[in-house]
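Working notes, structure below.
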Amino acid sequence: MKKLISLLLSAVLLASLLAGCGTAAPESHGDIKVVTTILPIYDWVREVAQDDVDINLDLLLDNGVDLHSYQPTAKDIMDISDCDIFIYVGGESDKWVDDTLAQADNKNMTVLDLMDILGDKAKEEEVKEGMQEDDHEHEEGKEEEHEESPEYDEHVWLSLKNTSLFVDKIAEALSKADPQHAEAFKANAASYQEKLSALDTQYQQAVDNASVKTLLFGDRFPFRYLTDDYGLDYYAAFVGCSAESEASFETISFLSGKVDELNLKSIMQIETSDGSIAKTVKDNTKTKDQQILTLDSLQGVTSDRIQAGETYLSVMESNLTVLKQALK
């Protein structure tokens with residue numbers, strides 16, 4: 001990966017040199033350029049900035065690519081290199097950022113790393129009973145490093161409580177870049193946080209009133225922050241950042257047995273799933289009559305979904321509707 005980033009950075013430098021030969025530099029309009037990696041972050045900035053015409057906002061992952069498999073293009077690196085504010089998740093999937101920032105043109109860039117902001121509230125990946133561990137080999141020469149250092153769950157945006165904290169930091173960053181609109185940013189952030197808090201309360205009420213307190217995923221499980229927020233238990237085929245896509249006989253057997261043992265009426269999956277594992281779990285239960293429900297982890301959002309009006313809050317509201325069905 002580092003070799004790829006170095007090659008891309010070289011291409012960016014060459015493009016910059018060529019762009020400067022024989023032509024006048026384009027006139028700057030003084031826009032504050034903000035680059036974000038995933039839709040939740042993009043949407044939070046949009047909510048805080050609102051109608052501030054000085055904010056030029058870009059989203060890198062808008063073609064359905066999963067955060068865990070994303071590799072930046074030369075254009076992506078160029079966009080980051082001269083931006084004023086760069087906001088990303090952090091964690092293992094964003095290791096490419098280090099080299100990109102080290103060679104960025106704008107040395108005064110404000111950088112927000114969500115995992116860093118969360119600090120000791122970040123959760124280690126949890127391998128629960130019955131969960132299948134990854135079979136793939138670690139990168140050459142890094143086996144011992146991975147064994148010694150914990151891997152953290154990167155899906156921090158799936159907690160409404162975390163999001164409120166991130167929105168504060170975004171408002172601070174925008175205020176520093178555009179002091180003239182600082183009060184507006186603060187007011188917009190507070191208004192958005194009220195909506196987050198109201199939805200957070202609805203989630204807690206749904207869980208408090210539910211007869212079922214366990215979710216079972218025939219899939220990866222990126223909802224650790226969400227279930228911990230509301231005191232839910234869970235079982236799953238794989239951890240949230242797993243690269244596995246095929247479940248073993250033992251994993252299927254365990255999950256099917258748990259469905260029977262807990263008398264669960266629903267089996268969960270995430271939006272990127274082909275549904276095969278959840279269906280196999282269902283087919284191996286005694287009753288074979290469970291509903292298969294989908295929770296959206298907001299990991300591979302396309303520009304079409306954004307243009308259709310989808311937002312972070314609208315997806316989390318839809319997830320609440322699904323959760324209520326699952327907890328019946």
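Run the numbers for Thr302 and Asn56: contour at 0.36 nm per residue of separation, minus the present Cα-Cα distance, in nm. Write out the running numbers ahead of the final one.
Values: separation 246, 0.36 × 246 = 88.56 nm, distance 1.95 nm.
The span from Thr302 to Asn56 would gain 86.6 nm if fully extended.
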Proximal aspartates and glutamates relative to Lys258, as straight alpha-carbon distance under 15 Å, when same-chain residues fewer than 8 apart are discounted: Glu129, Asp219, Asp233, Glu250, Asp283, Asp289
Three-way shape label, segment 149-260, alpha-carbon gyration tensor, a/c 1.5: oblate
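Take the solvent-accessible surface of the protein heavy atoms, probe 1.4 Å, and return the percent of it on the chain that carbon and sulfur atoms account for. Provide the component values of the computation, followed by the final result.
Values: 7590 of 16300 Å².
In the chain, the share of accessible area belonging to carbon and sulfur is 47 percent.
Quick check for you: with a 1.4 Å probe and neighbouring chains kept, what is the accessible area per residue of segment 201-328, in Å²?
On the way: 5500 Å² over 128 residues.
I get 43 Å² per residue for this part.
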Listed values (1) 29, 54, 16, 1; (2) 23, 43, 28, 6; (3) 23, 47, 26, 4, 0, entry calculated as P(r) over Cα pairs in 20 Å bins from 0, in percent: (1)
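Find me the longest stretch of the chain that has none of the exposed GluC sites (Glu not before Pro), where exposed means in a DSSP loop (not H, G, I, E or B) with at most 13 other Cβ atoms within 10 Å. Intermediate results must be reported in sequence, preceding the final value.
Details: sites that count: Glu27, Glu129, Glu133, Glu137, Glu139, Glu140, Glu151, Glu246.
With a cap of 13 other Cβ atoms within 10 Å, the longest stretch comes to 28-128.
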Extension gain, Gln202 back to Glu126 (0.36 nm per residue minus Cα-Cα distance, nm): 24.7 nm
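Pull out a ≥ b ≥ c, the square roots of the eigenvalues of the alpha-carbon gyration tensor of segment 197-249, then state rounded if a/c is under 1.5, prolate if not and a/b is larger than b/c, and oblate in the remaining case. Spell out each step's value before the answer.
On the way: a/c = 3.87, a/b = 2.05, b/c = 1.89.
Taking the square roots of the gyration eigenvalues as a ≥ b ≥ c, segment 197-249 is prolate.
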In nm, spacing of pseudo-spin labels at Asp283 and Val65 (7 Å Cα→C-beta vector): 3.4 nm
Of the DSSP H helices in the chain, those whose Cα atoms cover at least 18 Å axially and whose Kyte score averages 1.6 or more: 2-19
For the chain, calculated [θ]222 nm from helices alone, where every DSSP H run of n ≥ 4 adds -39500 (n - 2.57): -14000 deg cm²/dmol
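Between Asn263 and Asp168, what FRET efficiency comes out of the Förster formula 1/(1 + (r/R0)^6) with R0 = 41 Å and r the beta carbon distance, rounded to 0.05? Mind dumping the intermediate values first?
Values: r = 42 Å, r/R0 = 1.03.
Working from the Cβ atoms, E equals 0.45.
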Pairs of lysine residues in segment 160-228 - Cα separation under 23 Å, sequence separation of 8 or more or cross-chain: 8
Computed lengthening from Asp82 to Glu194, 0.36 nm per intervening residue step minus Cα-Cα distance: 37.0 nm
17 Å cut-off, amide nitrogen to a point 7 angstrom out along Asp134 Cα→Cβ, residues in segment 81-123: 90-97, 123
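The values are calculated or read from the model by the stated rules, or taken from the named source; none is laboratory data. The structure displayed is predicted, hence computed values, not measured ones. All Cβ positions, glycine included, derive from the backbone under ideal geometry; neighbour counts span all protein chains shown. For the accessible areas, the whole protein counts, side chains as well, though only heavy atoms, and no ligand, DNA or RNA atoms are used. Shrake-Rupley method; radii C 1.70, N 1.55, O 1.52, S 1.80 Å.
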